[in-house]
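Every number in this text was worked out from the coordinates using simple rules, so none of it is lab data. Since we're looking at a predicted model, the values are computed, not measured. Quick reminder, even Gly has a Cβ in these numbers, built from the backbone with ideal geometry, and neighbours come from all protein chains shown.
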Amino acid sequence: MSDQKYLFERGPWPQPAPQAPDAAPPAVLHLPCKERSDWSLHVGFRYIRQSLTELPEAMLWAAMHAGLEEVDDGEFAVILTDGIIGKFLCPTLNEYDETVFAKYLRDPEAKAPDERWFKSDFTPMEFIKSEPQGDSATAATVILWRRTPGDRGRYSVVAIAVDDVVFDPRSPRESWELAKYFALQGAGVCTTLLMHPLLHFPSDAINAITKTLLPVGHPLQKLLLPHFYLQLGVDDAVLHNGGTVLKQAPFRFYAPYPGAFSEHTKIVDSLWTGSNTRSGQPNSAFPRYVFPLDGWKYHCPYSEFLREYFETLLRFTTEFARVVLGGPKEQLAVVRQWARHIALWIPGFPGEDAIAEGDNLARALASVIHDVAVGHSADHYLYSRVNQRKVPFILHSSLPTGDGDALDRRTLVTWWDNVRYRMCMKMFFNPSPVTRLMDVDYGFDDSALQQAARSFRTDLLDAPNRIAKKGLLEYIPLREMAAGVQF
């Protein structure tokens, strides 16, 4: 019998998601008591405190800030093409896009020869059905952009398809403004239910296997544990807790989304299965999930900022992998076993043979840590600064038709809509780090790994200077980055 010790006598393990076994990321449902108690102490109690102390302020704020604000075309482009929502920019148009936007794509004067077409696709909104009698509405929207080269690319809006009806800046003013609001609604909902959750749920399986399979003291577990603290509890609460933000209920003052819980989870699941265009073809904007061994890449300046931190992590994990792969055979055998189990659940993750080839281990570790620490914190930091009166979740309006549309910004959202959205911002979107990336102590026993950790911290603290020298915006200060998914 082995005398090795493990974190849990019966640790967490991935399983098919009960709500959609073949169409959702693997779930981790049976959490050890310590995982749940840590979540309650650091997250659950915070929710209770905020519910008691911040709801009055949210109600007063909503009363003083009725309706929506105007969004001109320039600001519309900034909101949707930089920062977190810029992740949706896609340079590959599908047949559906080419059909619906044919008028513009075939017009030689629609863009200069050195410009490129891009789209932002929010068609997963079609999973949410508009409410009867037109009380509130949702729409599948696609935005056509042209990108000007130079200065890291500037995007200009060309047209917006709203449930297959196309509008552009020459459309009647009310129709064009409504089209922009429906696109902004799709951007907000799809960002928080699809694009950002890519950094949450797929890594739950890696989290659970790391905690259960690896023996206490293994350097791989020492590396990852600080970045996996609280994540399983946070993600379980989102998808499987009866009080989830995704489920509307009477007096649930923090649940701002349109539609039903089952509709929300369909959007979440599409991050795993991919999504089709409205004509039924695989959508270039939403391919099936494959583990990002080289990190996620996007077509906006935010991506360059994130890349600097990925490369910083990669330098650290490259040295870590060199030491671990060159260590005792028993240590390497455990790493191979760890990779074999993860690869069974996560498409594209290097298996037991591939994990020791080239820089696969280094890149896999950098990708995981970057997702749960840097990418996750940066997304929250940016979305918490989104103006909710310009990026609504619910719209009380019929869809624009281009003929006689009426626009009254004061009635597009209600007081209660704004209360719920503001409380959601405070409780779920605002960053609330418990431990910080810059403060992580890995507790390595090996002297070479101890030196690698010290070098990493020095390199990490210098990352903001490198970002500034490149002329990039600091999308989130390093001091605001949590060590993992803690909110």
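So the values come out like this:
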| item | result |
| --- | --- |
| Computed [θ] at 222 nm, deg cm²/dmol, the chain (DSSP H ≥ 4; -39,500 (n - 2.57); rounded to nearest 500) | -12500 deg cm²/dmol |
| Pairwise centroid distance, computed over Cα atoms, of the range 408-487 with the range 108-139, Å | 30 |
| Restraint check, LYS119/LYS297; LYS119/LYS180; LYS211/LYS266, Cα-Cα greater than 23 Å | LYS211/LYS266 |
| Mean Cβ count within 10 Å, highest first, over the residues of peptides 408-414, 469-475 | 408-414, 469-475 |
| Spin-label pair ALA23/SER156, simplified geometry with 7 Å Cα→Cβ offset, distance in nm | 4.1 |
| Where a label projected 7 Å from the Cα of ARG106 along Cα→Cβ would reach, residues of the range 162-177 with amide N under 19 Å | 164-168 |
| Karplus-derived 3J(HN,Hα), 6.51/-1.76/1.60, for each residue of the range 339-345, Hz, glycine and proline x | 5, 4, 5, 5, 4, 5, 9 |
| Most to least packed among 342-351, 260-269, 120-129 [average Cβ atoms within 10 Å] | 120-129, 260-269, 342-351 |
| Mean Cβ neighbour count within 10 Å, used as a protection proxy, ranking 87-94, 372-379, 33-40 highest first | 372-379, 87-94, 33-40 |
| Cβ-based charge dipole, the range 1-91, positive-most Cα from GLY44, TYR6, VAL78 | TYR6 |
| Size of electric dipole in the range 269-341: Cβ of Lys, Arg +1 and of Asp, Glu -1, about Cα centre, debye, nearest 20 | 260 |
| For ASN276, distant residues with modelled amide H under 5 Å away | ASN283 |
| Structure-derived semi-axes √(5λ) of the Cα gyration tensor in Å - corresponding label in (1) 36, 26, 21; (2) 136, 27, 13; (3) 40, 26, 21 | (3) |
| Gained length - GLU308 relative to ASP164, 0.36 nm times residue gap less alpha-carbon distance | 48.0 nm |
| Length added when fully stretched, ARG454-ARG479, from 0.36 nm per residue minus Cα-Cα | 7.3 nm |
